[in-house]
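Novice: Here it is: the structure, laid out below.
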Amino acid sequence: MSAARPAAAPETVVSARELSRRFGDFVAVDRVSFEVERGEIFGFLGSNGAGKTTTIRILCGLLAPSSGTASVAGFDVATEAARIKTRIGYMSQRFSLYADLSVDENLRFWGGAYRLWGAELESRRGWALAAAGLEELRSTLVRELPGGYRQRLALGCALLHRPPVVFLDEPTGGVDPEARRRFWDLIDELAAGGTTVFVTTHSMDEAERCHRVALMHAGRLLALDTIRALKAAFPAGCVLDLASPQPVAAMTLLEGTPGIEDVALFGDRVHVVVDSPERAAGVAAALASGGQPPTAIEPGAPSLEDVFIKVIRDAGARPGP
């Protein structure tokens with residue numbers, strides 16, 4: 001479930017208009033447009049090579065756009081990149097802290113980099129230690145921390161200077177489920193306090209916690225809306241959950257059946273997506289004729305993964321611009 005958004009008048013803090021980035025003949029970001037509001041958790045989803053990291057690097061002022069415009073916290077990415085960098089927090093895919101320094105030494109180093117001194121640095125350092133749950137580990141070398149603690153420390157360092165916008169590029173890669181949950185609890189708290197969180201992720205469970213989600217593929221933004229709205233756009237009656245004595249055999253049988261777009265195991269159930277509601281009636285018949293009659297068939301709810309696959313399939317079916 002996504003976090004509740006703060007009740008306040010919408011305020012756009014990140015904006016992109018026809019944003020593109022080319023590397024020679026390769027188009028990494030292709031005319032992408034969106035707006036992100038203050039206090040919003042904005043999810044950026046897509047496979048490797050979809051253009052997510054390139055878009056973030058442009059928005060952070062680290063990479064110039066080839067065309068189009070974008071602004072962050074009211075500053076233009078092409079002409080005011082230096083001013084943007086002082087108003088954002090950024091966690092890259094690669095762990096960026098110093099492994100041979102302690103937790104506390106890393107916080108002091110990054111505090112100095114953000115021009116925090118004296119009482120202000122001590123106050124923000126104490127906040128970061130508490131938020132990351134690292135008060136008892138402040139003297140521990142970073143290389144000795146579990147992955148989840150490292151990621152929380154990295155987020156704390158990125159937030160020392162109270163940036164209004166924070167960019168998180170796949171922040172929970174390689175982190176265990178409990179550490180991931182605590183990390184996202186911290187993200188929820190940030191958003192509730194008015195911080196805008198722009199996050200890329202491969203995890204559909206994490207995406208469910210975002211206020212809105214953008215689906216990227218091959219450099220293009222294919223869909224952008226709330227999770228509820230994205231799922232509501234899926235045709236009713238096209239998703240089925242069925243029980244079978246031999247679910248793997250049933251899944252294998254259905255994979256070659258006309259009209260079935262996707263089949264997957266969800267626990268001990270078979271999750272089936274058909275191309276139209278009329279096809280649903282033929283699923284039981286196809287299983288029975290193949291010697292795998294189901295013990296139950298029920299209407300299913302589309303997953304975000306179902307939506308993503310459908311959006312990509314539909315985009316491929318449409319003629320290009």
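Novice: Residues 179, 191: which one is at pLDDT below 90 and in the same structural domain as residue 27 (by TED's automatic domain parsing)?
Specialist: Unique residue meeting the criteria: 179.
Novice: Sticking with this structure for a sec: Answer yes if at least one residue in region 248-268 is touching a Leu at 6+ places or on another chain (Cβ under 8 Å), modelled with pLDDT of 85 or more and of a type outside the set (A, V, I, L, M, F, W, C), and no otherwise.
Specialist: No, region 248-268 contains no residue that is touching a Leu at 6+ places or on another chain (Cβ under 8 Å), modelled with pLDDT of 85 or more and of a type outside the set (A, V, I, L, M, F, W, C).
Novice: Right, next: Exactly one condition in (1) in contact (Cβ under 8 Å) with a residue 60 or more places away in the chain; (2) surrounded by 15 or more Cβ atoms within 10 Å (Cβ to Cβ) is false for residue 194; which is it?
Specialist: (2) is the only condition that residue 194 fails.
Novice: Here is a further query. Working only within region 97-114, note down all residues that are surrounded by 16 or more Cβ atoms within 10 Å (Cβ to Cβ), in contact with a Lys or Arg (Cβ under 8 Å, 6 or more places away or on another chain) and assigned to a loop (DSSP other than H, G, I, E, B).
Specialist: 97
Novice: Can you pull out every residue in region 125-140 that is part of a helix (DSSP H, G or I) and farther than 9 Å from residue 156 by Cα?
Specialist: 126, 130, 135, 136, 137
Novice: Ok, one more. Name the single residue that is nearest to residue 40 (Cα to Cα) among those in region 174-218 being small (Gly, Ala, Ser) and assigned to a helix (DSSP H, G or I).
Specialist: 191
Novice: Can I ask one more? Can you pull out the residues in region 162-173 that are under 19 Å from residue 132 (Cβ atoms) and assigned to a loop (DSSP other than H, G, I, E, B)?
Specialist: 162, 163, 170, 171, 172, 173
Novice: Checking the conditions here, which among 219, 156, 173 is in the same structural domain as residue 96 (by TED's automatic domain parsing), among the small types (Gly, Ala, Ser) and surrounded by fewer than 19 Cβ atoms within 10 Å (Cβ to Cβ)?
Specialist: After applying the criteria, what remains is 173.
Novice: Okay, moving on. Which of (1) at pLDDT 90 or above; (2) farther than 30 Å from residue 198 by Cβ is the odd one out, the single condition residue 277 does not satisfy?
Specialist: (1)
Novice: Going through region 50-105 one residue at a time, which ones are among the basic types (Lys, Arg) and under 20 Å from the mean Cα position of the chain (by Cα)?
Specialist: 52, 57, 94 - these are the residues of region 50-105 that are among the basic types (Lys, Arg) and under 20 Å from the mean Cα position of the chain (by Cα).
Novice: For region 181-191, does any single residue satisfy the condition of being in contact (Cβ under 8 Å) with a residue 40 or more places away in the chain, touching a Ser or Thr at 6+ places or on another chain (Cβ under 7 Å), crowded, with 20+ Cβ neighbours inside 10 Å and not basic (Lys, Arg)?
Specialist: Within region 181-191, not a single residue is in contact (Cβ under 8 Å) with a residue 40 or more places away in the chain, touching a Ser or Thr at 6+ places or on another chain (Cβ under 7 Å), crowded, with 20+ Cβ neighbours inside 10 Å and not basic (Lys, Arg).
Novice: State whether one or more residues within region 15-32 are surrounded by fewer than 18 Cβ atoms within 10 Å (Cβ to Cβ), in contact (Cβ under 8 Å) with a residue 40 or more places away in the chain, within 16 Å of the chain's Cα centre (by Cα) and at positive phi.
Specialist: Scanning region 15-32 turns up no residue that is surrounded by fewer than 18 Cβ atoms within 10 Å (Cβ to Cβ), in contact (Cβ under 8 Å) with a residue 40 or more places away in the chain, within 16 Å of the chain's Cα centre (by Cα) and at positive phi.
Novice: Could you please let me know if residue 233 is surrounded by 15 or more Cβ atoms within 10 Å (Cβ to Cβ) and either of a type in the set (D, E, K, R) or closer than 27 Å to residue 44 by Cα (or both)?
Specialist: Spelling it out, it is not the case that residue 233 is surrounded by 15 or more Cβ atoms within 10 Å (Cβ to Cβ) and either of a type in the set (D, E, K, R) or closer than 27 Å to residue 44 by Cα (or both).
Novice: For the list (1) hydrophobic (A, V, I, L, M, F, W, C); (2) surrounded by 15 or more Cβ atoms within 10 Å (Cβ to Cβ); (3) over 23 Å from the mean Cα position of the chain (by Cα), I need the number of the one condition that residue 243 fails.
Specialist: Failed condition: (2).
The values are calculated or read from the model by the stated rules, or taken from the named source; none is laboratory data. None of the values given here were measured: they were computed from a predicted structure. Neighbour counts run over all protein chains shown; Cβ positions are idealised from the backbone, glycine included.
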